[in-house]
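See below for the structure under consideration.
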Amino acid sequence: MKLAARLLRAVISLWLIVTFVFVALRLTGDPVIAVLNPDDMTKDMMDSYRKLWGFEGTIGEQYLIYITNVMHGNFGKSILNGRDAFATVMERLPATLQLIGASAAIMILIGIPVGTWAAMKAGSKWDALVMSFSTFGFAIPNFFFGLLLILVLSVTLHWLPTGGTGSPLHLIMPVITIGVAKAAVFTRFVRSAMLDALKLQCVTSARARGLSGARVLIRHVFPNALVPLATILPLLVGGMISAAAVVEAVFAWPGIGRLIVESVAQRNLAIVQVIIMLVAFVMIVTNLLVDLLYAWLDPRASAAAAN
Amino acid sequence: MLAPSVTHESPLCIVDRLTVEVIDGLARKTVVEDVSFQINKGEYFALVGESGSGKSVTCHTLMNLLPFPAATYGRIVVDGQKVLSLTPSELRRFRQKSVGMVFQDPMAALNPVRTIGSQIFETLRMHHPKAGRDELRELALAALRSVHIAQPEARLNAYPHQLSGGLNQRVMIAFALLGNPPLLIADEPTTALDMSVQAEILDLMDEMRAQRGLAVLMVTHDLGIVGDRATHIAVMKSGKIVERGITREVLAAPKQEYTKALFEAAAVNHELKERPDHAYGAACLSFDKVSKRFRTSGGKSKGEVVIAADEVSFTVKQGEIVALVGESGSGKTTAAKMAMGLVRPDSGKITVNAAREIETQDVGVQIVFQHPKDSLDPLMKVSAQLHEVLKVHGEKDEAKRAAQISATLRDVGLSESILDRRPSFLSGGEAQRVVIARALLLKPRLLIADEPLSAVDVCLQKQILDCFKALRDKRGIAILLITHDLRIVFDIADRVVVMKSGHVVEDVGVAHFGDEARDAYTKKLIRAIPGRKLSDLNDAAPPAGPRSVSGAVA
């Protein structure tokens, strides 16, 4: 598929998401009533508030104004303090990126070696042990695991701060919480991809040529196992973002995850819209990259598209 | 226990009382039992047997390359090394220098995500650790040239999927010979290739053998392939060698019933009889100038037009078996799909039962696919699958359905005991007959069989062919048989239609097909029949190649 067609599709996806979120947020209750108590207000005050924050008129009229603003790069203002919603979100983004980046590193550093090892020992006691830990890792809820860590490492042992930000120490527990949970899932994916790749005839044939075990693994098994792994990448990125929302709340981490939880509770619609749009944008870009990555990893992919 | 050797050199490969047990948890299953043979330098040793006979396991054990956990007993000495007791580094060296291996599916045996060049350099670097870039490149090109690959420079940058099966197998042979080993193991090297390419690959292996004094261990289920090439032969069945000796002697007077059955399956039927015209009824399927083009939808070749059928005309009459022959890509499967009403032709007319033009699928036309196990639902018992067909077509009375099913099973030579089984408990031959029975339940007048025998063992093929013959002779069913195997054609077809690149290049009664094929392509196909020289061999013509009796044990 041509790049232009892909981009067009990405823009359409983004537009659909923006529209859906806009409508859904406005159908789930009058945002003004959630902020102002109608018993204490005159109708005039309510109306002027509506006008101020763009909640005036029918949903269709509001939508037209909103979409025009968005196209001009104006994403609305935070209902809390009147600051630009986009700037507010961007301020909190680095903290989340830090968290997700570090968690992804943990996931890869644990998942690839352990998954590979389990695949090579498939059916053994070690394999069973790894699989049990993996099940434990993704069965335990994030918030519970996080609280458990706080209880042991902060409250009992006083090694780490319970939450907040400011030093590398603050990062440790949130990253372990997300990283270990995602590593548990990723290990399984790596194991099954490696198991399939190990069974390939070309691996036997590489061994028959007398290549060393390490070389067979790195140059023949890995490249083939990466192909299915690439396709689950967007899934993992999406999972990390939603895990961040919970974990940031548990550890009082000042990222966009916590921001969206708070903003939904406050019905701070502009902020919610910006964050969802941002997440959607990240997912769309990830998918685009994976498509390109896939074609690069597997030269057969473009040939298959031709048939 | 081994016969005294007449040569003074010690044999290149000795397999002595080899037993292999597959370990599955606590259970052990013997797949190779007490197998002994030896191969001398320069010999061409064929290990023949049907799938599951243990021949592949034997040759994988020769390189200590079994893909599953197994226990091995006995002694294997290849090129002076005790294979089963080598350390990992000795084993690597042994695989590099002493034995080369060629596999069944060359596309799968080459890494699909890396270029041919990167894989060949990787192997060459092992053999020439000090060689520079340019030197490696020269070595790689020389290796590709030695197996007659044209434009070797371009092939280095190609991925396996961009080359044909035949070219990939040449690349594999080049790979296997990079270390100049004295022994080449070939595990069904032509089974996955088109027929006209098979002979080329076998010829190439002969050439390599003559050039380098290479010994070849050929593993195959097809006696036809080895009859005119191998110096020695061993027949395996259920993990044991049941017969062995010098090829010529074994072929002339097989001692075992099993060997005879293998021969018969591989031999070409030379007693072709033309059946009288009144044996056939009215036209049952006719193609009248049918054309079909496909346009490829993406990638580099986007928009290219593929001609699957170009003014194709032929007729199948009631009670006639017509063989549709051609290589993959010749359009024969598209023709079958059009006859089924699954693909609509661009132009031309297809008539079924001399009546109406095909609009959609017609119950009067049924199809039998290549892989019987894939066309049966693995979770359903045979009886449920057969009942389902009748239920869908409105037969509500269970007793009537059961009666019809048992009658049909009798027609295909199956007992009713298979009704309670699931497909995994059926042999390949049984499964294919169940598929045929399922097709017959709707009382079709035309049966289309798409490569119905290629997934079935040689010994079982005869049962299925007999079943087709009986259907034709007793029930007057017309059969359109799609195949690439001309031996099957000679065995049961009444008429042969040869297709190439969407054209019908030959349409002739089978009696006149062999002797005076008019089309050049048909001639090439007939020349490529592997078993063609079997009869010459039986006339005691000595096989080519070095001769010694040491491989034969009385």
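Some observations on this one:
- For the residues B:60, B:161, B:371, A:72, a 1.4 Å probe over the protein chains yields an accessible-area ranking, largest first, of A:72, B:371, B:161, B:60.
- FRET efficiency, residue B:384 to residue B:66 (Cβ-Cβ, R0 51 Å, nearest 0.05): 0.85
- With each label modelled as a point 7 angstrom along the Cα→C-beta vector, the residue A:39-residue B:256 pair spans 9.6 nm.
- Think of chain A as a dipole: +1 on every Lys or Arg Cβ, -1 on every Asp or Glu Cβ, centred on the Cα centre; then among A:128, A:88, A:241, A:128 lies furthest on the positive end.
- Relative contact order computed over chain B (Cα-Cα under 8 Å; 6+ residues apart), in percent: 18
- Cβ-placed point charges (K, R +1; D, E -1), dipole of the stretch B:110-179 about Cα centre in debye, nearest 20: 60
- Rough spin-label spacing in nm, given labels placed 7 Å along Cα→Cβ, for residue B:211 and residue A:128: 5.3
- Rounded to the nearest 20, the size of the Cβ-charge dipole of chain B about its Cα centre is 860 debye, with Lys and Arg at +1 and Asp and Glu at -1.
- A cut-off of 5 Å between modelled amide H atoms, ignoring neighbours fewer than 5 places along the same chain, links residue B:284 with B:316, B:317, B:318.
- Of the complete DSSP H runs in chain B, those spanning 15 angstrom or more by Cα along the long axis with a mean Kyte-Doolittle score not below 0.5 are B:165-176, B:382-392.
- Taking A:296, A:126, A:159, A:53 and ordering them by how much accessible surface each has at a 1.4 Å probe, largest first, produces A:296, A:159, A:126, A:53.
- Calculated mean residue ellipticity, 222 nm, chain A: -25000 deg cm²/dmol, from DSSP H runs (n ≥ 4) at -39500 (n - 2.57) each, averaged per residue and rounded to 500.
- Computed accessible area, residue A:46, all protein chains, 1.4 angstrom probe, square angstrom: 20
- Accessible surface for residue A:41 stands near 60 Å², nearest 10, in the context of the full protein assembly shown (1.4 Å probe).
- Helical contribution to [θ] at 222 nm, DSSP H n ≥ 4, -39,500 (n - 2.57), averaged over chain B, rounded to 500: -10000 deg cm²/dmol
- In Å², nearest 10: area of residue B:14 left accessible to a 1.4 Å probe: 30
- For the stretch A:157-215 and the stretch B:463-483, distance of Cα centres in Å: 57
- Computed magnitude of the charge dipole of the protein assembly as shown (debye, nearest 20; Cβ of K, R +1, Cβ of D, E -1): 1120
- Förster radius 35 Å - calculated FRET efficiency between residue B:422 and residue B:17 (Cβ-Cβ, nearest 0.05): 0.40
- Backbone N under 17 Å from the residue A:14 label point (7 Å along Cα→Cβ), restricted to the stretch A:254-280: A:273-280
- Distance between the pseudo-spin-label points of residue B:90 and residue B:10 (7 Å out from Cα toward the beta carbon): 1.3 nm.
- With at most 15 neighbouring Cβ atoms within 10 Å, loop GluC sites (Glu not before Pro) (DSSP) excluded, longest segment of chain B: B:10-270
- DSSP bridge analysis restricted to the protein assembly as shown gives an antiparallel fraction near 55%, rounded to the nearest 5.
- Members of B:332/B:400; B:332/B:443; B:462/B:500 lying beyond 30 Å, as alpha-carbon distances in this model show: B:332/B:400
- Solvent-accessible ranking of B:443, B:396, largest area first, probe 1.4 Å: B:396, B:443
The values are calculated or read from the model by the stated rules, or taken from the named source; none is laboratory data. In this text, all values refer to a predicted model and were calculated from it rather than measured experimentally. Counting neighbours? That spans all protein chains shown, and the Cβs are built from the backbone with ideal geometry, glycine included. The area values use the complete protein model at the heavy-atom level, side chains included, leaving out ligands, DNA and RNA. Shrake-Rupley method; radii C 1.70, N 1.55, O 1.52, S 1.80 Å.
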